[in-house]
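Below: one structure, written as structure tokens.
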Amino acid sequence: MTLAAIDPTESTTTATTPAPRVPWFKRSMSAYGIVWAAAVLFVVLALTTPGFIGGANLRNVLDQQSVVLIAAAPLTLTLIAGQFDVSLSAVYITAPLVGLQVEAATGSIVLAILSGVVAGLLCGVFNAFLVSTCRINSFISTLASSYIVVGIGYLVSGQSILTPKNAGFRDFATTRILGVTTATWIAVLVVAFFWVLLSSTRYGRYVYATGANTDAAVISGVRTRRLVASTFLLTGAGAGLAGMVNASQSMSAQASDDFSFVFAALAAVVVGGTSIAGGAGTVWRTVTGALFIAMMNNGFNLNQVEPIYQRIILGLVILVAVGVDALSRSRKPS
């Protein structure tokens, strides 16, 4: 049996019952609602907020969102497969600590970057083992692994701030090519890779099938446990790379209990329209969701909105996104 890609923007009908005619506007809002919302927000901010439309400000927005996009792109696959990974912050914090210790020992920037990515990959292996082999709920297992990974970060750093020995480490994320930083170009490459992987490969079709109906996917021959495990490996490696990019931007890394990064990545994925129930979502929607949140935060800052109100509004936006997903699912025939 061959599995077809499950497209969240399309509806399925039986061979004998014609699909009801849906107005163009309703179809457009269902398929591209986040795009319209981002476009409207961009126009409103461009007309009302001095400095927003400036090239330097827009490049700064892209640069700041690069680390979120690097982690959110693979996280999209994990959520579509019906799983959660809330250990992103811990990996994002700990991976560069490993990388900078390697850089201090070897003096090699390349080895430092690779070590950080491998550290993230190993965290993904641990999460995959807990979820796929031990059969522990992904939310609980990755929450527990977060504390373990952060603890390892404290041990690796000796509870101190680590800084690169080689000043050239900054160039990894801050070199400008065509006016845009390498951090942004890295994010573009990562997004493009996962976009193609999800939308144009058999692996991507299997990710959709596993999240939509695991039992049916198993019957169709999909090795769902291996597939789920692979999404955790990819997410861990992505978080490790994001951590190394951030360390290059700030020229430092420090162990902490700050879990805000995972919320930023999850917010981008959810606001972009990926279903938390699995089986629906796309990488381009995640990119649009991340840019929507970035523009909103940038507009808040330029208009000097109090941070506490920013948090409240962002929380409401996420609730609306999740609520729309729940409402759309409740209206689908079972």
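The Stokes-Einstein estimate for the range 58-119, based on a Kirkwood radius over Cα pairs and taken at 4 °C with 1.567 mPa s viscosity, is a diffusion coefficient of 99 µm²/s. Pair-distance distribution P(r) for the range 175-227, from all Cα-Cα distances in 5 Å bins starting at 0: 4, 19, 19, 14, 11, 10, 8, 7, 5, 2, 0 percent. Comparing mean-square fluctuations of Gly273, Gly240, Gly55 from a GNM of the chain with C-alpha springs under 10 Å, the top value falls on Gly55. The chain gives an Rg/Rh value of 0.99, both radii derived from C-alpha positions and Rh following Kirkwood. Over the chain, what is the relative contact order in whole percent, taking alpha-carbon pairs under 8 Å and six or more residues apart? Taking the mean separation of contacting Cα pairs over the length of the chain, I get 32 percent. Value of Rg to Rh for the range 71-173, rounded to two decimals, is 1.03; Kirkwood radius and Rg both from alpha-carbon coordinates.
Only helices reaching 20 angstrom along their own axis (Cα) with mean Kyte-Doolittle hydropathy no lower than -1.0 count here, and for the DSSP H runs of the chain these are 24-48, 55-80, 88-106, 109-128, 138-157, 182-200, 224-250, 283-302, 307-330. For the chain, adding -39500 (n - 2.57) for each run of n ≥ 4 DSSP H residues and dividing by the number of residues yields -23500 deg cm²/dmol at 222 nm.
Other residues with beta-carbon under 12 Å from the beta-carbon of Thr181 carry, at +1 per Lys or Arg and -1 per Asp or Glu, a net charge of +1. In this rough spin-label picture, where each label sits 7 Å from Cα along the Cβ direction, the Arg170-Gln304 distance is 3.0 nm.
Coordinate-derived values only; no laboratory data. Here the structure is a predicted model, which is why all the values come from computation and not from measurement. As a convention, Cβ positions derive from the backbone with ideal geometry for all residues, glycine included, and neighbour counts pool all protein chains shown.
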